[in-house]
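First up is the structure itself, then whatever we jot down about it.
The values are calculated or read from the model by the stated rules, or taken from the named source; none is laboratory data. Source: prediction; values computed, not measured. Cβ placement follows ideal geometry from the backbone for every residue including glycine, while neighbour counts extend to all protein chains displayed.
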Amino acid sequence: MTDGAGALAELRALRGRAAAGPGEASSAAQQAKGKLTVRERLDLLLDPGSFEEVGLLRRHRATGFGLENKRPYTDGVVTGWGTVEGRTVFVYAHDFRIFGGALGETHAAKIHKIMDMALAAGAPLVSLNDGAGARIQEGVSALAGYGGIFRRNARASGVIPQISVMLGPCAGGAAYSPALTDFVFMVRETSQMFITGPDVVRAVTGEEITQNGLGGADVHAETSGVCHFAYDDEATCLAEVRYLLSLLPDNNRGFAPGASYGDPAGRRTPALRELVPQDGSRPYDMARVIEELVDDGEMLQVHERFARNVICALARLDGQVVGIVANQPLALAGVLDSAASEKAARFVQMCDSFNIPLVTLLDVPGFLPGVDQEHGGIIRRGAKLLYAYCTATVPRISVVVRKAYGGAYIVMDSQSIGADLTFAWPGNEIAVMGAEGAANVIFRREIAAADDPEATRARLVKEYRAELMHPYYAAERGLVDDVIDPAETREVLIRSLAMLRSKQAELPARKHGNPPQ
């Protein structure tokens, strides 16, 4: 064997040992927790054979506190790029088998490099998180490493899609990186996120709680809103990450890839005529309306279990990706509250960042009244949705499905705040408030003085509805561009979006706005 051949053999052996990680016992311990190893996760996320690793042979240089004799290759994080359905995606993945995935100086430097590469290449970044926080033995160097990650998260925000996949613990300051990204995925039972763990909570407040009860997937998917998607196992979770990537562009300069579903653009939707009751107080499932409209009835709901009174979903119309925001009458009658406003605002901003047109379906009776809402900042938090729509420059189309009352009507992408086109179905009502409430305010003295107040109230409600809330009142005044047959909604949306595809809109020159917080 020549010296060159010997060197190559040595290199192959070294790379093999480095890629194998700390050994079978560590892998078995990982799998015993119901978790995959880092290489298994990458195999599920990326196209077969596409992964190109960066920094395989990196090792930490820390000495003391027991680290001098523990210098494994990769330093507990695998970084590189590969493809998902043929499109380049950058990735870093913690290896819990090495130092519990804890972040040190070298570990952080690898992540910084791959984040810089993703931003320079204009390609999505996916992080597979399974780490125990900062490496205590490296002190402030580890904390500085987190700072570098946060700064890069912020710089990449709205430039490239950033997706955080939580596959293990994420505690303390480490939790802020996922919170800065566009989407957070979690796996039930095995992933948790919290700033202070159960032990600290117990010591400070006396409250007893488990890790999952404090920061598990269901808590963050339903209560805090930190998690956008929660799944029962890692394989399903990573498959859904691949699906989400298929609905996103590479960066803010491009468009999401088109797809052919074989669902005709001219397909009529007569079922919608029966799906939505004319009685504005009767509930129905807005998700079924969306399924009737979009290609093959397929959509991906974002934050599906959080603030259920508003639906935010990615779907396709004639093969092109759209973002859909819709009131959900099955939950709180579809009213807007603080949580729903924030959920929809973030979704609108994400769509606008990545050139995804917006379709808004309105059936909103107003904002949720109550002391808790007012003291909880409904004005400030509702203004976030208003700000998001007002500053969005992508094509925007609104459809009033049944009713749109008060300030909630304005906030839900009304024509007055910049919707490009607004349509309404027959029977729609656009008004300051419902007819009953309006009549009680306007005619309260007449009703009070009447011999039969209830009959008088009923007559005046009927007159008010006939004069100011008939389906064509808004169209006569230009508040909607057309009243359409529900069965034509899909084809009207597709034609309108095709016309708006080349829309050009610019905001005034500025460093950035100062949105309500």
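At-a-glance table
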| item | result |
| --- | --- |
| Elements of type helices (runs of 4 or more DSSP H) in region 90-192, at least 3 residues being out of contact with any strand residue (DSSP E or B) (no Cβ under 9 Å at 6 or more places or on another chain) | 105-121, 140-156 |
| Residues of region 291-304 that turn out to be part of a loop (DSSP other than H, G, I, E, B) and within 9 Å of Ala315 (Cα to Cα), as a count | 2 |
| Any chance Arg288 is among the basic types (Lys, Arg), part of a helix (DSSP H, G or I) and assigned by TED's automatic domain parsing to the domain that holds Ala340 | yes |
| Residue that is in the same structural domain as Ala118 (by TED's automatic domain parsing), at pLDDT below 75 and either part of a helix (DSSP H, G or I) or surrounded by 12 or more Cβ atoms within 10 Å (Cβ to Cβ) (or both), where the choices are Leu42, Leu56, Leu67 | Leu67 |
| Members of region 79-138 found to be more than 26 Å from Ser27 (Cα to Cα), touching a residue at least 24 places away in the same chain (Cβ under 8 Å) and surrounded by fewer than 24 Cβ atoms within 10 Å (Cβ to Cβ), listed by number | Glu85, Gly86, Arg87, Thr88, His112, Lys113, Asp116, Met117, Leu119, Ala121, Gly122, Ala123 |
| Cβ-Cβ under 7 Å pairs, at least 6 apart or on other chains, region 470-492 side within 27 Å of Gly266 (Cβ to Cβ), far side polar (S, T, N, Q) and crowded, with 16+ Cβ neighbours inside 10 Å | Pro471/Asn428; Val480/Thr422; Asp481/Thr422; Pro486/Thr269; Ala487/Thr269; Thr489/Thr269; Arg490/Thr269 |
| Only one of Arg445, Arg457, Arg477 that is surrounded by 15 or more Cβ atoms within 10 Å (Cβ to Cβ) and out of contact with any Ser or Thr (no Cβ under 7 Å at 6 or more places or on another chain) | Arg457 |
| One residue from Val335, Val289 being at pLDDT 95 or above, surrounded by 22 or more Cβ atoms within 10 Å (Cβ to Cβ) and either on the phi < 0 side of the Ramachandran plot or not hydroxyl-bearing (Ser, Thr, Tyr) (or both) | Val289 |
| In region 330-346, the residues that are in contact (Cβ under 8 Å) with a residue 60 or more places away in the chain and not aliphatic (A, V, I, L, M) | Ser341, Glu342, Lys343 |
| Count - residues of region 351-378 that are crowded, with 21+ Cβ neighbours inside 10 Å and part of a helix (DSSP H, G or I) | 2 |
| Qualifying residue in region 326-344 (condition: basic (Lys, Arg) and under 18 Å from the mean Cα position of the chain (by Cα)) | yes |
| Those residues of region 459-500 which are under 30 Å from Arg444 (Cα atoms) and hydrophobic (A, V, I, L, M, F, W, C), in sequence order | Leu460, Val461, Ala466, Leu468, Met469, Ala474, Ala475, Leu479 |
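Listed here are the residues, each with its yes/no results for (1) β-branched (Val, Ile, Thr); (2) free of Cβ contacts under 8 Å to residues at least 24 places away in the same chain; (3) out of contact with any helix residue (DSSP H, G or I) (no Cβ under 6 Å at 6 or more places or on another chain); (4) part of a helix (DSSP H, G or I).
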site: Tyr389; (1), (2), (3), (4): no, no, no, yes
site: Arg402; (1), (2), (3), (4): no, no, yes, no
site: Phe423; (1), (2), (3), (4): no, no, yes, no
site: Ile430; (1), (2), (3), (4): yes, no, no, no
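Let's see how each residue does on (1) over 21 Å from Phe354 (Cβ atoms); (2) part of a loop (DSSP other than H, G, I, E, B); (3) among the aromatic types (Phe, Trp, Tyr):
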position: Val200; (1), (2), (3): yes, no, no
position: Val204; (1), (2), (3): yes, no, no
position: Glu208; (1), (2), (3): yes, yes, no
position: Ala239; (1), (2), (3): yes, no, no
position: Arg242; (1), (2), (3): no, no, no
position: Gly254; (1), (2), (3): no, yes, no
position: Ala259; (1), (2), (3): no, yes, no
